[in-house]
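The values are calculated or read from the model by the stated rules, or taken from the named source; none is laboratory data. Note that the coordinates shown come from a computational prediction; the quantities given were computed from them, not determined experimentally. Note that we place each Cβ from the backbone using ideal geometry, even for glycine, and neighbour counts take in every protein chain shown. Note: areas computed on protein heavy atoms with side chains; ligands, DNA, RNA excluded. Shrake-Rupley method; radii C 1.70, N 1.55, O 1.52, S 1.80 Å.
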Amino acid sequence: MNERVRPDLNRLPDQAIGEQRVRALSLSGLGEFLREYGVDHRPIFEEAGLPPDHGDDLTWMSLERLVNALTLAARVTGDRFFGLKHGTRGRFTANPLGYLMANSPDLRTGLRNFALFQPVLSTNHLEFVEIAGGVGRVEFSYAVTMPNVVQMTDFVLMRFVTRIRGAAGSHWRPVSVGLMHRPPADISEYERQLGSRIFFDQPVNSITISAATLALPMPNADPHLFKLVKRYCEEEIERQKSANHPLNGIREAMTRCLQQGSFGPKHVAKELGLTPSSLQRQLKNEGTSFLRLLDDTRRCLTHRYLMESSLKLTDIATRVGYSELSALSRAARRWFGTSPRSFCRKAPIFNEAAP
């Protein structure tokens, strides 16, 4: 059985329902990288709703605004691989989780702790899955309410690959990579960076890592610093837990259950470690119902698949919990005012990164 390391946390203090956040340190190096393209970062930051100078690295900011900045950067530079390339740059230890991973005794421990304490830096979904034979897989995704995450996905993918190369060497390649978005017409940049085993239109973004790689020691690890940073992360997680909003966690659980094909109230409650009656009480207290939140989660997932994947409509229907394409078509007309096929025709490939 797979062992998953996942934080019991989906939201940060003072966060509106559905809003996701990230530390400002995620902007590190973006302005400098844009200047290498001859592009001034200030208009991009302004359009994305970000300040030109983010100030304190540990300040919280909107994750969606960072997503928009990377999307705009790809569009302005005309480089659809902007996020992929930017992910290889930046300071990888200049944040709590970077220090925690760099000072872990081995790579496996570093990735386990990174996943466990992910909410210290960001609210996007991240897991470290341990598979039979000692193989591991980093899985990550973004709230279904957030559109245009292709550049952000590629950026985070390469950030992890680069971190792993800190232990495995600059020529290291993953066993395989899975990406939720559709492939571009030319995937040579992906292959150059990651090797040939890259799969698009997957249910989750993932990096699969061999047991031998995971056993590698982290170079220059300091056990004392590891304990100090881990303690800080534990305390930070406890501070955040008191302000969690239940709807964010329920929506994430619904998304996982839809991917597994079992998404009734008892399945979602089990995913959350609740009884069905407790789940229903939480939903009632938040002024909604299971069916209403499930419908909205399906709407957001369908929008993402139509905009960012190349899946067949029948496959999309299955992934959002419909056994018949006709059911998806009726729902799409209610959500978007048009059929899924018509909606697809209006969604350009990689519209967020088109030159």
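Listed values, structure above:
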item: Hits in the range 330-340 (condition: touching a helix residue (DSSP H, G or I) at 6+ places or on another chain (Cβ under 6 Å) and in a helix (DSSP H, G or I)); result: ALA332, TRP335, PHE336, PRO340
item: Search result, residues across the range 210-233 that are open to solvent by 60 Å² or more (accessible area, probe 1.4 Å), among the polar types (S, T, N, Q) and modelled with pLDDT of 95 or more; result: none
item: Complete set of residues in the range 242-263 that are at pLDDT below 80 and in contact with a helix residue (DSSP H, G or I) (Cβ under 9 Å, 6 or more places away or on another chain); result: PRO246
item: Members of the range 316-338 found to be open to solvent by 40 Å² or more (accessible area, probe 1.4 Å) and farther than 20 Å from PRO147 by Cα, listed by number; result: THR318, SER323, GLU324, LEU325, SER326, ARG330
item: Helices (runs of 4 or more DSSP H) wholly inside the range 270-323 containing at least 1 residues that are under 18 Å from ASN248 (Cα atoms); result: 276-285, 290-308
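Rundown of residues vs (1) free of Cβ contacts under 8 Å to residues at least 24 places away in the same chain; (2) closer than 19 Å to VAL204 by Cβ, yes/no style:
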residue: PRO265; (1), (2): no, no
residue: ALA269; (1), (2): yes, no
residue: SER278; (1), (2): yes, no
residue: GLN282; (1), (2): no, no
residue: GLU286; (1), (2): no, no
residue: LEU311; (1), (2): no, yes
residue: GLU324; (1), (2): yes, no
residue: ARG333; (1), (2): yes, no
